[in-house]
Amino acid sequence: MKKLAVFAVALFMATVTTNAQEMKTQPQIIVSGEGKIKVTPDYVIINVGVENTGDQAADVKKKNDIAIDAVIKYLKKAKLPESDFQTKQVQLNKTYDYEKKKHYFTASQTISITLKDLSKYDTMMLGLVDSGINVINGVDFRSTKVAEYESQARVKAVQNAKAKAQDYAGALNQKMGKAILVSDNSSTYYPRPYMAAMKMSADTEMSRETLAIGEIEVTANVTINYALD
């Protein structure tokens with residue numbers, strides 16, 4: 001009985017070892033694929049702010065509060081839904097000027113605005129500047145159908161990887177088998193036009209054609225292990 005048990009264990013270990021060796025020696029081809037979909041944005045996120053500097057904290061805060069109040073009233077007057085604009089950051093900082101040997105205060109507040117009608121962009125920017133905005137941090141173009149386009153990009157990425165695998169298998173005079181492993185390496189990225197934070201004076205002139213919408217490129221990346229027969 002004891003010999004039978006030992007034999008059974010040995011047979012089990014031999015089977016496991018054989019299976020492991022077969023898995024290790026399974027011929028495979030590993031390829032990567034990329035899919036790209038170009039999309040015209042249908043809305044934009046505008047990040048703007050107000051900044052004032054002075055000797056007294058109360059004074060600079062008051063100036064900021066007055067400007068922000070005017071900005072919010074302008075947005076409401078422009079009939080922008082309240083859900084489409086939001087205060088993102090409020091700061092009041094004390095800094096020491098070593099050259100002048102004195103302290104000064106800087107008050108700042110930023111607002112993120114979602115504009116769903118791109119045709120109103122220039123009018124909106126002019127109105128914001130007139131109402132008191134003196135800092136533009138940048139714009140971020142988006143699409144409401146990004147999930148749909150990401151799905152299309154993933155399909156294209158798999159098709160691209162499969163085509164590569166077929167090319168390699170053909171060059172090796174082998175047949176491409178089933179996919180063994182699929183790894184999604186995609187990450188959503190929204191290209192932004194380069195725009196450093198720009199301080200603006202009250203008399204800054206702006207052209208009425210300042211928005212180049214361009215296209216968003218939705219990209220998907222995949223790595224697939226195919227068996228080779």
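The values are calculated or read from the model by the stated rules, or taken from the named source; none is laboratory data. Keep in mind the model is a prediction, meaning the values are calculated, not measured. When we count neighbours, we look across all protein chains shown, and the Cβ atoms used for this are built from the backbone with ideal geometry, even at glycine.
Residue by residue, here is whether (1) modelled with pLDDT under 90; (2) in the same structural domain as residue 133 (by TED's automatic domain parsing); (3) in a loop (DSSP other than H, G, I, E, B) holds:
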| residue | (1), (2), (3) |
| --- | --- |
| 166 | no, no, no |
| 174 | no, no, yes |
| 179 | no, no, no |
| 183 | no, no, no |
| 203 | yes, no, yes |
| 208 | yes, no, yes |
| 220 | no, no, no |
Which numbered condition residue 82 misses (of (1) touching a Ser or Thr at 6+ places or on another chain (Cβ under 8 Å); (2) under 21 Å from residue 46 (Cβ atoms)): (1)
Residue check for residue 101: at pLDDT below 90 and among the basic types (Lys, Arg): yes
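Those residues that are acidic (Asp, Glu) and within 21 Å of the chain's Cα centre (by Cα), I need them from the stretch 27-75; list them, please.
Listed by number, the residues that qualify are 34, 42.
Yes/no per residue for (1) at pLDDT 95 or above; (2) buried (at least 16 other Cβ atoms within 10 Å of the Cβ); (3) of a type outside the set (S, T, N, Q):
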{"position": "29", "(1), (2), (3)": "no, yes, yes"}
{"position": "79", "(1), (2), (3)": "no, no, yes"}
{"position": "96", "(1), (2), (3)": "no, no, yes"}
{"position": "113", "(1), (2), (3)": "yes, yes, yes"}
Lone qualifier among 133, 68, 30 - being assigned by TED's automatic domain parsing to the domain that holds residue 220 and in contact (Cβ under 8 Å) with a residue 24 or more places away in the chain: 30
Output for the stretch 113-171, where each listed residue is aromatic (Phe, Trp, Tyr) and over 17 Å from the mean Cα position of the chain (by Cα): 121, 168
Tally of residues being out of contact with any helix residue (DSSP H, G or I) (no Cβ under 9 Å at 6 or more places or on another chain) and buried (at least 16 other Cβ atoms within 10 Å of the Cβ) across the stretch 50-71: 6
